[in-house]
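The values are calculated or read from the model by the stated rules, or taken from the named source; none is laboratory data. Bear in mind that the values here come from a model prediction, so they are computed numbers and not experimental data. Cβ coordinates were reconstructed from backbone atoms using ideal geometry, including for glycine residues, and neighbour counts include every protein chain displayed.
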Amino acid sequence: MFSSDLGRLAENIVFLELIRRGFEIYYWKGKKEVGFIAKKDGRNIAVNVCYTDMPAKREIESLEEIRHIDLQLDRYILITKDSVVDAEGIYSIPLWQWLIMDEI
């Protein structure tokens, strides 16, 4: 019947928050996919959401893939459930903390 798919709910929260903050939202897919490319006032960011205890390797790999393509992105963000992932050039942050940031 009903499902409490927290991953999809977290993606929806991120999408709505990006819209609320005035970003234009796009989607990118190469060999892998990035959930959101967000653009506002000349700033371009890539955002993936992985709302699990341990983020999937594919979420990090997709951000790493897009880093090597010249899309003029300013920041690469991985939003997680409650963990911080150490990946070069990728800023990871728990969802609750991302939501209270003054500036993304």
Checklist outcome for this item: Among ASP86, ASP82, the single one that is free of Cβ contacts under 8 Å to residues at least 12 places away in the same chain, more than 13 Å from the chain's Cα centre (by Cα) and over 16 Å from GLY30 (Cα atoms) is ASP86
Item to check | Residues of segment 34-55 that turn out to be surrounded by 13 or more Cβ atoms within 10 Å (Cβ to Cβ) and in a loop (DSSP other than H, G, I, E, B), as a count | outcome: 3
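Being small (Gly, Ala, Ser), in contact (Cβ under 8 Å) with a residue 60 or more places away in the chain, surrounded by 14 or more Cβ atoms within 10 Å (Cβ to Cβ) and assigned to a helix (DSSP H, G or I): is that true of ALA10 here? Spell out how you get there, then give the answer.
Details: small (Gly, Ala, Ser): yes; in contact (Cβ under 8 Å) with a residue 60 or more places away in the chain: yes; surrounded by 14 or more Cβ atoms within 10 Å (Cβ to Cβ): yes; assigned to a helix (DSSP H, G or I): yes.
The answer is yes for ALA10.
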Item to check | Search result, residues across segment 33-72 that are closer than 13 Å to TYR91 by Cα and aliphatic (A, V, I, L, M) | outcome: ILE45, ALA46, VAL47, VAL49, ILE60, LEU63
Checklist entry - Looking at (1) within 20 Å of ASN12 (Cβ to Cβ); (2) charged (D, E, K, R); (3) part of a loop (DSSP other than H, G, I, E, B), which is the only condition GLU103 fails? => result (1)
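Quick one: in segment 14-33, of everything that is in a loop (DSSP other than H, G, I, E, B) and farther than 21 Å from GLN97 by Cα, which residue is modelled with the lowest pLDDT?
Of segment 14-33, the ones in a loop (DSSP other than H, G, I, E, B) are 21-23, 30-32.
Filter again for farther than 21 Å from GLN97 by Cα, leaving 30-32.
Details: GLY30: 83, LYS31: 86, LYS32: 86.
Out of the qualifying residues, it is GLY30.
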